[in-house]
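To start, the structure itself, in structure tokens.
Coordinate-derived values only; no laboratory data. These numbers were taken from a predicted model, which means no experiment stands behind them. Glycine gets a Cβ as well: all are built from the backbone with ideal geometry, and neighbour counts include every protein chain shown.
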């Protein structure tokens, strides 16, 4: 058996997802290191003459797609998509995800919700039994930041988390700003046994725009490692 690097596994999962692409599709393009491989495969298909139209989930992905000659649209122009392929920072047996490590969770969730299918591509290291090992990103408006942060801390503690809630910062030490102009609080939960309850509680906090738990959106996860590719769920 040949050992695959994590990046090789990501590319293998992306290649499997690329097999789902059909001419004329309206595609959502995810953000992150795994999704980047999928965008590369989309670019190859476009270069070979396939007719596709795509919605990027971040400015970063949009720049990559333009460089590859991929035709882009918006959800205002194309509000219903056939398929979105994106990565995940974590997924559990119920296909619930944590996303947002790259800061694009809001646009990623909007695009996924506008799609008939969301397929997730990952390497095996992202598979967990219970969500929460990866810090949960919560996107918030800058106004009233400290008050919002305290309410987020109160909610996460109520569901058993004792980890800190930290304001995400960029390389210069300034608050990380999302494409939507918001900040991100990273909640080190450790374990999230009641994801649906935590989701509802967080979304009820004024100042919270969205959180990184994707519940009921993914139809399948394509996960790759040195043993090959596994499909969890239904590719449809």
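Counting only DSSP beta bridges with both residues in the chain, the antiparallel share comes to about 55 percent. Sorted ascending by nearby beta carbons within 10 Å, beginning with the fewest, 37, 211 become 37, 211. Take every DSSP beta bridge whose two residues both sit in segment 118-236; close to 75 percent of them are antiparallel. Extension gain, residue 22-residue 78: 0.36 nm per intervening residue step, less the Cα-Cα distance, totals 18.5 nm. Report, as a whole number in µm² per second, the diffusion coefficient that Stokes-Einstein gives for the chain at 20 °C and 1.002 mPa s using the Kirkwood radius over alpha carbon pairs. Translational diffusion coefficient: 118 µm²/s. What separates the Cα centres of segment 96-114 and segment 33-65 is a distance of 17 Å.
In this label model, residue 162 and residue 133 are separated by 2.1 nm, measuring between points 7 Å along each Cα→Cβ vector. Computing FRET efficiency as 1/(1 + (r/R0)^6) for residue 153 and residue 200, where r is the C-beta to C-beta distance and R0 is 22 Å, gives about 0.80. Under the criterion of Cα pairs below 8 Å and six or more residues apart, the relative contact order for segment 136-210 equals 47 percent. Going 7 Å from the Cα of residue 143 toward and past its Cβ, which residues in segment 201-227 have a backbone nitrogen under 17 Å from where you end up? Output list for this probe position: 205-210. Over all Cα atoms in segment 94-161, the spread is summed up by Rg and Dmax: 14.3, 39 Å.
Our summary gives the chain a relative contact order of 23 percent, counting only alpha carbon pairs under 8 angstrom and 6 or more residues apart.
Grab the alpha carbons of segment 136-210, take their convex hull, and tell me the volume per residue in Å³.
Per-residue hull volume (Cα only) is 85 Å³.
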